[in-house]
Each structure stands twice: as structure tokens, then as C-alpha cells.
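The values are calculated or read from the model by the stated rules, or taken from the named source; none is laboratory data. Note that the structure is predicted; figures quoted are calculated from it, not measured. Cβ: placed from backbone, ideal geometry, glycine included. Neighbour counts: every protein chain shown. Remember, those area values only see protein heavy atoms, side chains included, never the ligands or the DNA or RNA. Shrake-Rupley method; radii C 1.70, N 1.55, O 1.52, S 1.80 Å.
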Amino acid sequence: MTPIELQRIKWFKDISKDDIGKVGGKGLNLGLMYNAKLPVPPGFCITAQTYREFIVKTGIVNDIQRILKGLNVEDTKDLQERANQIQKLIVKTSVTDEIKHEILEAYSALNTETLFAKGKDIFVAVRSSATAEDLPSASFAGQQATFLNVKGQDQLIKAVRMCWASLFTARAVYYRVKNNFDHMKVLISVVVQKMVNSEKAGIMFSINPATNIRNEIVVEAVHGLGETAVSGEINPDIYIVNKDEMRIKSRLLKMQKWGLFRGADGSNIKQLIPENIDKRQVLDDNEIMQLAKYSKQLEEHYGKPQDSEWAIEDHEVYIVQTRPVTTLHERKVNEEVEGDAVVKGQTASSGVASGPVKIVFSMDDLNKVNSGDILVTPMTNPDMVVAMKKAAAIITDEGGITSHAAIISREMQIPCIVGTENATKVLSDGVVVTVDATHGKVIFGRSIIEKEKREIKQKLPTKTQLKLIMDIPELAEEAAKTGADGIGLFRLEMLIAENGIHPAEYIRQNKDDEYTDLLVMRLKNVGDAFKGKPIWIRTSDIRTDEYRGLNGGDKEPHETDPMIGWHGIRRGLDEPRILKAELNAIKKLHEKGYKNFGVMIPFVIRSEEVRKAKEIFRSLGVEPVKDIPFGVMIETPASCWVIEEICKEGVSFVSFGTNDLTQLTLGIDRNNEKIANLFDEMHPAVLGEIMGVVRMCRQYNIETSICGQAGGRPEMAKFLVGIGIGSLSVNRDVIYKISEVVKQAEESMIQ
Ligand code: PEP
Ligand code: MG
């Protein structure tokens, strides 16, 4: 190395605009904010040259070059192995004494800089920071490595080495080779920054994201850590500040019964907020104004409206993250409609709408539903879809949040309340009501409603793929605008119901091809809308009681309990022509150039079922897995127990159907509102099953995913990201919220 002066540590205060080569993009940004007197938590950067010194002085630079020699990056397995080898090498190689000494000296200086932690090890965030400006993406440089709540000297050094190692993820290596970058010339800096132990936290926008009013600053605040506000678990206080006059315009206070706080070991603990505080304003007026001032300053600093996360510890305000408000956030109007609830139930799809009630007891009542009406019914069924599409809101007596009504309303983005028990009795035709589905209540009369503002983001910036659950082909184009990574579950049942003929009837009339053609025709536009992105079509899963209204439905057998009866793959194998017609549709779509379609089979309990279904596919001249992705739904406890056999049988992916998996594991009828409060996908038994399956699939290199409703629960999404699931499929109404949760979970993972 050239004997230039090596600066190993650069404090934020010493960073200037030409330092990107030393401290990387992230470090530079923090330094510039610090020097603009914005209150970023204190910290320092371990320069990129220190990384270089580390690999040169320890000699591992030669090992790295040796490991990479002759690598063909298209050989994924080999690439993965070599990348792992290098990462392991970096993580296990001792840091030289000089480097270690300087890092630890800076760490200890950081301790003393913060009064309240004097002399103690403090929690820090350790992040890699890419140095080359022209790198096209963060993942290329391994920039994504972030370790939160790191405490103690050994942990710090370990996290630094892991950041360095992140320069050699398989993805980063692949990208460099493909773009002709020299591995040895790309360097990485590491940012070490104090973690704020927030007593209060939240988000602020330098313009009003709900109305786009530019001279309003919006500050949202919760007790404890801000992630409860970001994930939507807690309704934050909302303060609006007039930006021109810098005065508080309005305050909307919310009762906050609990908050998340950091425990001594760095884990998050849920704590109740004392009763005398829970109804009070979270921030005092001084704090609101201080934040508003910073929000304005951030907008000036970056020259663009900013969406920033902030935290307060020991009366000090910190800005912990900021990004431009590029598109409006998907923010629901959380405000509760005023008035006494005449009917209450569970939120199936949030939103607010007013209109006249139309009660539907039978199919004969369906044509009285006009556009803008409030459809009230004991329970929806697939024959009602046309009327549901017209409704401004839907209310049902029965059903939980995985019921038919709930699923369809979410997909159509119609406000819906389910399980009210008495809506059809309390309400009557023609009465005008307002449905505040977000808060599960219905009031008499029209309310001044602000329609939810839903803005489309073109990109969901998560590593874990985020896909959609879909049932209705015509909605595909709209759905694709979310930027979802594909469709993780497309159910055929709704399409069949709308068509009006039971699949078994097609077969009885020897019209197998007509059924195939129907599917091809309807699915084509889904393929067009999601070009190049995977679409997993589930073969039909029709319960015998649900489709009696269809042509041929009267011939369906009567079963004691159709929920656990003759449906899914067991029926598909008993009536192989139905299954074959559906598989043939997927084959034909491929032949027409729609190569993005895959198929999955429902309600599997044995690997033999998988084998037999694959044989049927083969009889069509298709080699499942190889020619067309072929997966199974994991939605029975049995399938979890025989997962290894299923893996050995050979599948492209598995996807958790947590609606049925929870129903069957806990013994809780998913449609029974009496016990809906017990239906919990987070039950340890369900989580245990999921974990076992993910672990086994990893051994066999089989992709894992989820397509039950639980993927849209923040706590489940967090759990799944933590155990390394490949993708999540969620309903369109929660995709942005879940993308935030996933992003946070990814960031907080020690990789
Ligand atoms: C499930 O069971 O989780 C699932 C996705 O399938 P369905 O809801 O259609 O039964
Ligand atoms: Mg199911």
C-alpha cells in the first residue's frame, strides 16, 4: 500500500462533502446532517481504507482472490459456496491490534459523549456504507448490512467484521462480475452510531401527506419506540403545524394504552402506559415546535419535502431517519367517525362509506343492490360477487376476517365489517348509514367522510418478495400498480362462481376443453398485468356447500362438514379430469408465451398426492418443476409432518395457507364468529409448524412463502422475515403497511 496517511476513524463532525471515498454514501449523509446542526445521534465512521488495511495486513486479500479465481457466477451453487467461504473468512479473521484499538477508543469516546451513559457500554447501530458513487444499487455493495442494538466491545468488532463481510454476499459478487467491477477495488466503510433509547417517537412530514398541503407540517407521536406508529399498531397523536407561521394548528389526541420500549438486553418490551398519562398529549408544545423546526430544516437541507423518523431520549430530540416524500404514503384516515355505534363487528377491510342499506337474504334480493348501496347480509357467498362489486360497503352477521366476504372486500378495497351477529336485524332497507370499517362500527346517517387516500408506489423496497393474493382477474391491472413482486395465490373459485358453471358439470358434459379455455381466457390478462413476475395459480379448492347455486351445483354431495371434506387435491385426484383441465390451462398459457405462471395444489396431506398430481401434469407432456413451477400449499398439520417426503418428491415451492393451517391445528372453525377471538395464527403451535417446514425446505433448497391472511399481520410478517421466508403474499389493502414492517424487520436482522 502507498504510505499515505491512514485515517481509520472519522467522526461525523469531521466529515465534509468530498469524503464519500472514505465514509461512503450513508456516512457522508450523516456527517453532512450533523454539520448542518441537525440532531442526528452521535457517531463515527470506520473508513473504507481501514477495511482495505484489514484485508491487506491480515493477508486475507490473497485468500479472497484465490477463492474467487475461476468463478462462474452463473453456477449459483458454486457462487453461493464461494461467497459464504469469503464471508466466513472475514468474520473469523482477527482484526489487527491497531485497528481494534482505534475502533474501541472511538466507541468509548461515544459513551462519554452521551451524559446519561457515561462510562457504560452503550447500544449502537452498526451499518455498512458503500463508497463508490456509481454503484447502481445498495445490494451490490452489501450496503444493506445493518446491526441494531449492538453493545459491548466484542459485539461491536464482530458487527464491523460482518459489515465488511457483507461486501461478499453472493448477490454482490454476482453484480460486480456482471458489471465488470474489480472486487478488490470496491471498498466499504462502517458507520457506528448511538442508538436512541426512545421514550417518545414517531414520524413527521414536512408537507401534509394526506392533503398535499405544502405549508403544513404533520407530526405523529407515540410513547416508546416509533415502530408501533409506522406499523399502524398504535394510533398516534397527530399534530399539525402551520409551516409559514410556525404555530400549532391542530392536535388530535389518541388514547395510547401501551408502547414498545427497549429492555436492558436490547429486546423490545411492551409496556402499559400509566392511566394518568395515556389520554394526555404525548408531546408537549415545545417538543412539537422543536420537531417542526427540524422538519422544515430537513426540507431545506435536502431541497425536497421530507418524511422523517424521530425519537426523544432524555429530553433530547434525534432524527433517526429521513427520506424524500416521493409519492404520498399510503395513510389511512384513522380518524374515527363520530356517533354511537348501532352495529359493531370486526374490520375485514378498512375504510369509510355512507349509503342506503340493502339487505340481502337470498339470491332473489341481489338485484335490488345498486351502485353505492351498503350491502347487508347474513353471510356473503360467491354468487354475490357482482352485487358486492357495486356496494359502497359490506356488512355481514357472520364470518371472521378470513371469510369469503372479508377476502373479496379486501381485494376490491370495499370497506367491510364482518361478524356483527345482528346487522340484518338492526338495520333495514333504505336506511342511510355510515360504515366506519376501520373502527368496526356503523352509525345512522351520513357522516362527512374523507375518502382514504391511496397512492401508488411503484416500488416496494424489500428484500423479501412481497406478492399479492388475488381472486378476480379484472382487478389485476390495478393490483399490478402496487409494484408487487407477483401473485403468490390466485384462487380459481371466484372466477368459476362468476362464470356460473361448476367444474364437475363441464366434465359431466364432456366439455373439459371448454373449462380449460375459460381459465386460459380469464387468466391471460392476469399474465399481461404481471408480465415477468411469478403468478401461482391454485388448482380449484371448492367446498361442496359453497357452490350449490352454480349450474351443476345441485349434484354436489351433502357432507357433514364440508370444510374438512371433499375438496382440494383429494377431490382433484378423485376427479382427475377437473385437475387435468386446470393443469392444461397453465400449460396452454405457457405455450402462449405466459411463462410466468406456476401452479400449486391445495389441502395436501401426503406426498403421494403430490406425486399423483405431478403424474397428471406429465400426462400432458409437462415435466412439473422443470418446465413449469409446481408447488404445494402447506395448510394441514399433516403436510407439516410429512414435509421432508414432499421435498423429496420434488416441488418448486411451498406456501403456507395459514387460514386452514390455523383452523386445523387449533380446532377452530374459521367461519365461526363465536370463537373468532380464539383464532390466532400466532399460536405457538402454528408458528412451530411453520418454522419446522421452513427449516426443512431450506435443506432441500425449496422456496417458502405464505398466502394465508396471516401474511398481512405485522407480527406474522416480522416473524416470517426473521426465520427467512422467501416471500409473503398479502391482500392489496395492506401491502404498503406490510412492506414497511418487512423493511424494518430486514434492517433489524443480525445477518
Ligand atoms: C388458506 O387456507 O390459508 C388459504 C390461503 O386458502 P383458502 O383461504 O382459500 O382456504
Ligand atoms: Mg385453504
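If you take every DSSP beta bridge whose two residues both sit in the range 200-324, what share of them, in percent to the nearest 5, is antiparallel? Working shown, then result.
Numbers: 36 of 37 bridges.
DSSP beta bridges in the range 200-324 are roughly 95 percent antiparallel.
D for the range 200-324, whole µm²/s, Stokes-Einstein with Kirkwood Rh over alpha-carbon pairs at 4 °C and 1.567 mPa s: what number? Please report the intermediate quantities before stating the final value.
Working: Rh = 14.6 Å.
Estimated diffusion coefficient is 89 µm²/s.
Would any residue of the range 669-691 have its amide N under 18 Å from a label point 7 Å out along Cα→Cβ of N268? List them or say none.
682-683
So how much slack lies between D121 and N242, counting 0.36 nm per residue of separation and subtracting their Cα-Cα distance, in nm?
Details: separation 121, 0.36 × 121 = 43.56 nm, distance 4.10 nm.
This chain segment gains 39.5 nm when fully extended.
What is the antiparallel percent of DSSP beta bridges lying wholly in the range 350-444, to the nearest 5? Walk me through the numbers on the way to the answer.
Numbers: 9 of 18 bridges.
DSSP beta bridges in the range 350-444 are roughly 50 percent antiparallel.
Give the carbon-plus-sulfur fraction of the accessible surface of the range 4-194 in %, rounded to a whole number; probe 1.4 Å, heavy atoms of protein chains only.
C and S fraction of accessible area: 49 percent.
Taking every DSSP beta bridge with both residues inside the chain, roughly what % is antiparallel (nearest 5)? Don't skip to the answer; put the middle values down first.
On the way: 68 of 106 bridges.
Around 65 percent of the beta bridges assigned by DSSP in the chain are antiparallel ones.
Does the chain come out rounded, prolate or oblate, given a ≥ b ≥ c as the square roots of the eigenvalues of its C-alpha gyration tensor, rounded meaning a/c under 1.5 and, failing that, prolate meaning a/b above b/c? Kindly include the intermediate steps, with their values, before the conclusion.
Details: a/c = 2.30, a/b = 1.34, b/c = 1.71.
Verdict is oblate for the chain.
If we count every other residue with Cβ under 12 angstrom of G657's Cβ, Lys/Arg +1 and Asp/Glu -1, where does the sum land? Can you show the working numbers first?
On the way: positive: R491, R538, R670; negative: D541, E635, D660, E681, E689.
Cβ neighbours under 12 Å give a net charge of -2.
Find the Cα radius of gyration of the range 1-53, compare it with 2.2 N^0.38 Å by division, and give the number to two decimals. List each step's numbers first, then the result.
Values: Rg = 11.3 Å, N = 53, 2.2 N^0.38 = 9.9 Å.
This ratio for the range 1-53 stands at 1.13.
In nm, what is the difference between 0.36 nm times the number of residues separating D182 and M691 and their Cα-Cα distance?
So the extension gain works out to 179.3 nm.
When a/c reaches 1.5 or more, the comparison of a/b and b/c decides; with that in mind, is the range 350-444 rounded, prolate or oblate per its Cα gyration tensor?
Working: a/c = 1.21, a/b = 1.02, b/c = 1.19.
Because its axes are fairly even, with a/c under 1.5, the range 350-444 counts as rounded.
With all protein chains present, calculate the accessible area of Y318 using a 1.4 Å probe and round the result to the nearest 10 Å².
Rounded to the nearest 10, that gives 20 Å².
Can you tell which of T658, C697, M682 lies farthest toward the positive end of the dipole of the range 639-709, using +1 and -1 charges on the Cβ of basic and acidic side chains (Lys, Arg; Asp, Glu)?
C697
Suppose a student asked you for the relative contact order of the chain, using Cα pairs under 8 Å spaced at least 6 residues apart; what percent would you report?
On the way: 1591 pairs, mean separation 67.3, N = 751.
9 percent.
What's the magnitude of the charge dipole for the chain around its Cα centre, counting Lys and Arg as +1 and Asp and Glu as -1 at the beta-carbon? Answer in Debye, nearest 20. The partial results should precede the final answer.
Numbers: 97 positive and 104 negative charges, 419 e Å.
Dipole size: approximately 2020 debye.
Which whole-number percent gives the relative contact order of the range 200-324, counting Cα pairs below 8 Å spaced six or more residues apart? Present the calculation step by step, with values, prior to reporting the outcome.
Numbers: 266 pairs, mean separation 33.3, N = 125.
Value for the range 200-324: 27 percent.
Note down the relative contact order for the range 167-274 as a percent, whole number, built from C-alpha pairs under 8 angstrom at least six residues apart.
Details: 172 pairs, mean separation 19.3, N = 108.
So the answer I get is 18 percent.
Rank-order 514-525, 83-94, 485-496 by packing density, defined as the average count of other C-beta atoms within 10 Å over each peptide's residues, highest first.
Result, highest mean Cβ count within 10 Å first: 485-496, 514-525, 83-94.
Ignoring everything but the protein chains, give the 1.4 Å probe accessible area of F630 in square angstrom, nearest 10.
The value for F630 is about 0 Å².
Over the range 200-324, with every protein chain in place, what whole percent of the accessible area is carbon and sulfur at 1.4 Å, could you tell me? List each step's numbers first, then the result.
Numbers: 2780 of 5630 Å².
In the range 200-324, the share of accessible area belonging to carbon and sulfur is 49 percent.
Taking all protein chains in place and a 1.4 Å probe, what share, in percent, of the accessible surface of the range 350-444 do carbon and sulfur account for?
So the carbon and sulfur contribution to the accessible surface is 54 percent.
With a 1.4 Å probe and every protein chain left in place, tell me how much accessible area E300 has, in Å² to the nearest 10.
Surface accessible to solvent at E300 totals approximately 130 Å².
Could you state the accessible area per residue of the range 1-85 in Å², with a 1.4 Å probe and every protein chain left in place? Display every interim value, and only then the final one.
Values: 4280 Å² over 85 residues.
With the other protein chains kept in place, the range 1-85 gives 50 Å² per residue.
Tell me the per residue accessible area of the range 200-324 using a 1.4 Å probe; a whole number in Å² is fine.
Working: 5630 Å² over 125 residues.
For the range 200-324, the solvent-accessible area averages 45 Å² per residue.
Accessible area per residue of the range 542-604 at 1.4 Å probe, in Å²? List each step's numbers first, then the result.
Details: 2600 Å² over 63 residues.
Result: 41 Å² of accessible area for each residue.
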